[in-house]
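The values are calculated or read from the model by the stated rules, or taken from the named source; none is laboratory data. Because the structure is predicted, anything quoted here is derived from the model rather than measured. Note that we place each Cβ from the backbone using ideal geometry, even for glycine, and neighbour counts take in every protein chain shown. Areas reflect the complete protein model, heavy atoms only, side chains present, ligands, DNA and RNA absent. Shrake-Rupley method; radii C 1.70, N 1.55, O 1.52, S 1.80 Å.
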Amino acid sequence: PLGIQTFSRIRMEDNLYVDKTEYVYRMTHTSGKYFFLSRPRRFGKSLLVSTLRSYFEGKKELFEGLAISKMEKEWKEYPVLHFSMAGGKHMEKEQLERYLLYILQDNEERFGIECDAPDPNVRLLNLIKTVNLQTGKQVVVLIDEYDAPLLDVAHDEENLDVLRNTMRNFYSPLKDCEPLLRFVFLAGITKFSQLSIFSELNNIRNVSMDEPYAAICGITKEELLIQMSDDIDELAQHLELNREETVLELKKHYDGYHFCWPSPDVFNPYSLLNCFADGKID
């Protein structure tokens, strides 16, 4: 499907899901609690975050037939706090703080929590502690597009400093709450090294260029040939090419992403899906 980045919806509507669940299992069953992944725009990061959410919420039925169904034996359920910073773009400091309070309130309402503290970091701290107390379980925190509020001011040093301090302040409770947390995952486009989350969370694992996670987002050539075989044949017919020529054209246009060495050839998923939907290589 084009434009659907919710794992549960893809599975329930019986769309094609390129199985990345072995990576989910690997990341959630390795040493470490805090993880960071950067990938380009429209590369499947939001879908990965959504997949992690369904996994930690114990929705076993959504994973039937996928790699993780043979690997996971326990299917423990955890309370999940899911934040998307995508709506926090092009904002001044006050607007951004109001947006942070809004997404915090959204999570508070899911757990029936009321808090009127005006500071986002206090609200996040209270949210994690209260959810842990309510459920008696460690909390999972998933943050999609963690860097969205900073990207459009990346070259404006004055504004960048102001917004960076706002975001640093918001993320600061994640370190203090370590005993209350089962898993923390941040996804974004780039690593803002001066954003002190990376110095404060000195145990955060940046898996962006780790070989075991090279194909965690995007579509490998093997996945393309096996799981999208029918799409290739349909496109070949449309372009009046044979299968091998079509694969060569797809490789020439959409392959070329390598996030470590050695790495499988990774195709841009959004471009590839558009190509199959439109029936043309562009």
May I ask you to give the solvent-accessible area per residue for the stretch 1-52, in square angstrom, as obtained with a 1.4 angstrom probe?
-> 45
About its Cα centre, the chain carries a charge dipole, from +1 on Lys and Arg Cβ atoms and -1 on Asp and Glu Cβ atoms, whose size in debye to the nearest 20 is 940
Farthest toward positive dipole pole in the stretch 92-241 [+1 Lys/Arg, -1 Asp/Glu at C-beta], among 213, 121, 188 | 121
The stretch 269-274 - phi-based ³J(HN,Hα) in whole Hz, Karplus 6.51/-1.76/1.60, Gly and Pro as x = x, 5, 5, 5, 5, 5
Calculated from backbone phi, Karplus (6.51, -1.76, 1.60) coupling profile of the stretch 93-105 in Hz, x at Gly/Pro | 3, 5, 4, 5, 5, 5, 5, 4, 5, 5, 6, 5, 4
For the charge dipole of the chain, defined by +1 on Lys and Arg C-beta atoms and -1 on Asp and Glu C-beta atoms about the Cα centroid, which residue among 142, 132, 273 has the Cα displaced farthest towards the positive pole?
-> 132
With the contact rule set at Cα under 8 Å and sequence spacing of 6 or more, what percent relative contact order holds for the stretch 1-92?
-> 33
Using only Cα atoms, what is the ratio of the radius of gyration of the stretch 82-181 to 2.2 N^0.38 Å?
-> 1.09
Would you mind computing Rg(Cα) / (2.2 N^0.38 Å) for the stretch 172-282, counting N as its residues?
-> 1.45
Under a straight-distance cross-link criterion of Cα-Cα below 13 Å, which aspartates and glutamates are reachable from residue 93, leaving out those fewer than 8 residues away in the same chain?
-> 119, 158, 161
Counting only protein heavy atoms, what percent of the accessible surface of the stretch 54-185 is carbon or sulfur at a 1.4 Å probe?
-> 46
Which of the residue pairs 20/89; 20/59; 251/280; 45/175; 221/252; 20/280 have a Cα-Cα distance greater than 18 Å in the structure shown?
-> 20/89; 45/175; 20/280
Note on the chain: contact order normalised by length, alpha-carbon pairs under 8 Å, 6 or more apart, percent, works out to 23
Alpha-carbon centroid distance for the pair the stretch 41-82 / the stretch 1-34, whole angstrom = 6
Cα to Cα, under 14 Å, and not fewer than 8 places away if on the same chain: which aspartates and glutamates meet these conditions relative to residue 76?
-> 57, 61
Largest first and in whole Å, give the semi-axes of the stretch 9-118's equivalent ellipsoid, each being the square root of 5 times a Cα gyration tensor eigenvalue.
-> 29, 18, 14
Label residue 240 and residue 280 with points 7 Å out from Cα along Cα→Cβ: what is the distance between them in nm?
-> 1.5
Rg and Dmax of the stretch 63-135, Cα atoms only, in Å | 16.2, 48
Could you go through the stretch 67-76 in sequence order and give the Karplus-derived ³J(HN,Hα) for each residue, using 6.51 cos²θ - 1.76 cosθ + 1.60 with θ = phi - 60°, rounded to whole Hz, and x for Gly and Pro?
-> 3, 5, 5, 8, 9, 7, 10, 9, 6, 5
Expressed in angstrom and rounded, the centroid-to-centroid distance over alpha carbons for the stretch 253-281 and the stretch 93-126 is 38
What is the log10 of I(q)/I(0) for the stretch 103-247, computed with the Debye formula using one identical point scatterer on each Cα and no solvent, at q = 0.14, 0.20 Å⁻¹?
-> -0.81, -1.23
